[in-house]
Structures are given as C-alpha cells and as structure tokens.
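A short worksheet on the structure shown next.
The values are calculated or read from the model by the stated rules, or taken from the named source; none is laboratory data. All values reported here derive from a predicted model rather than from experimental measurement. In this analysis, Cβ positions are derived from the backbone assuming ideal geometry, glycine residues included, and neighbour counts consider all displayed protein chains.
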Amino acid sequence: MRLAGSLLTLLLLAPAVASADVLTLCNGRRMEGKIVEQTPSKIRIRIPGGTFEVPTRQVKKIERSENRLAELAEVASKTDMEDAAAIERLARVAREKGLRKQAKEIEGIARDVRLQQRVAEARRKGRARDFVSVFQWARSQNESDEVQDWLIGLARQIDPADPHVEMALETRRRDLEARAQRAARIQQLRSQPSYKMPEGVHLEDGPKQALRCGVLEAVVAKQQRRIRQLEQRLGERPAEGSVSISKSTR
C-alpha cells in the first residue's frame, strides 16, 4: 500500500503532469487548456478542440495550473496525513480547483489510511470475523483482488472453520464467477458479426447516424480492452476453495 507521507512529494512533483489552466467566463462556462498568449485585450487558450481567442472582458477568473498546484501543496502541508477524513477534505479541495488527477490520487491515499486503520483494529481484536468485516469494506470500495484475498487469508490464519470466513470465501467465489460470466458475454459480443446499419438508415442522412456509429465503435473498443484485462486476471484465478494470501504492494 502507498504511504500517506508520500502525498507531499506527489503534489510537489505534480507540475510535471500536464495540468490545465482554467478560464472562468462571465457566463459561468469554464475552459480548461493551456494559455498560450495573454494581452490586456485578449487571451488565447489551447484546448483539445483547437486554439480559441477570448476577449478579456468576457473572462471572470484566470487560474494558472502552477498557481493551483502551489495552493494545493500549501493546504497539504497543513493536513494531518494520519487522518483519513482530513485527507478526503484535501481531495475535495483538489477537485474544486479542477485538479482531477491529483484528487483521484489523494482519494486513493485516504482509502489506504482507512484500510490500515481497520486492519490495525482487527489485529488488536484478534478475531477472524473482524478481518472478514474489513474484507467486506474493502470489497465495497472496489479494492484490488490482492487486498481482498490478503484480508481473507488473515482471517483464515486465525480460524479457517469460522462461518464468517466461509461466507467470505463464498462471496469471493461468486464474485469471480460473475466476472467470468461477464467476460464470456463480452467475448460472445466480440465474436458476433460487425454491426450493420438498419435498413433505411444511411450515414448521409445526417450527423446523428454517424455519431451513433462512432459511439458504437468506442464501446466495442472499450469492451475489448476490458476483455484482455479480465482474461489476464482469470488466468490467475485461485483453485476452488483456496485463496492466495498476498499483501498488496500498492
């Protein structure tokens, strides 16, 4: 698991990440990109759709990426890195500043802190069912397979015959089976013939039909990437009734 203390380093190195400048217009619209030119009368900003020139009188607020990162680092320096709630508040600050990538990283660190605290409490109590409770929480947070298996493994080390442990193993088995079924369904969809436009509908009928085709292709591509990930994970699926005991290295 990641160390909460590494957060400050993450934020200080964040300028190396392509964070965006933000223009907030008088009408409330936000434009995120890279400001390439600024004069008293206009601002030119490069966004994914191209480079746009905005009259200064239409701009309510200008936020440079380096300024927002510096402000976030200042807040982080005053944050208790052992307090998950405080770290979550820091993540909200990052989101409010439009630093979505940093916010996601900070939210992950907060989850790690909560996990460490829950594991420490379960160790203190020393009961299998307490580790199963942590497993259930980790599952609800979509923690990795490694973390979930590690938690069940800790519970089994204490009492493999505990009914709570047996229920946790059954839950894991069902989760893996459901994943395998989804992968099989996606594989079935991938093997089906290519999509054909319905009769009477042609691309020349207008841009909406062309957009639907583009969306369909994007969905299929996403499914194919997910299939490859699932196939890799399913290849490492534990044998029936067994769970690997490996601690996450995140």
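Things to note:
- Only one of the numbered conditions (1) assigned by TED's automatic domain parsing to the domain that holds LEU176; (2) surrounded by fewer than 18 Cβ atoms within 10 Å (Cβ to Cβ); (3) touching a Ser or Thr at 6+ places or on another chain (Cβ under 6 Å) is violated by ASP149, and that is (2).
- Exclusive hit being among the β-branched types (Val, Ile, Thr), more than 30 Å from MET31 (Cβ to Cβ) and under 17 Å from the mean Cα position of the chain (by Cα), set VAL132, VAL119, VAL147: VAL147
- Single unsatisfied condition, VAL113 versus (1) over 20 Å from the mean Cα position of the chain (by Cα); (2) surrounded by 12 or more Cβ atoms within 10 Å (Cβ to Cβ): (1)
- Entirely in the stretch 63-170, the helices (runs of 4 or more DSSP H) that have 3 or more residues that are closer than 30 Å to ILE45 by Cα and either in contact with a His (Cβ under 9 Å, 6 or more places away or on another chain) or of a type in the set (D, E, K, R) (or both): 65-77, 84-96, 100-125
- Some residue of the stretch 96-118 being at pLDDT below 90, of a type in the set (Asp, Glu) and closer than 28 Å to LEU230 by Cα: yes
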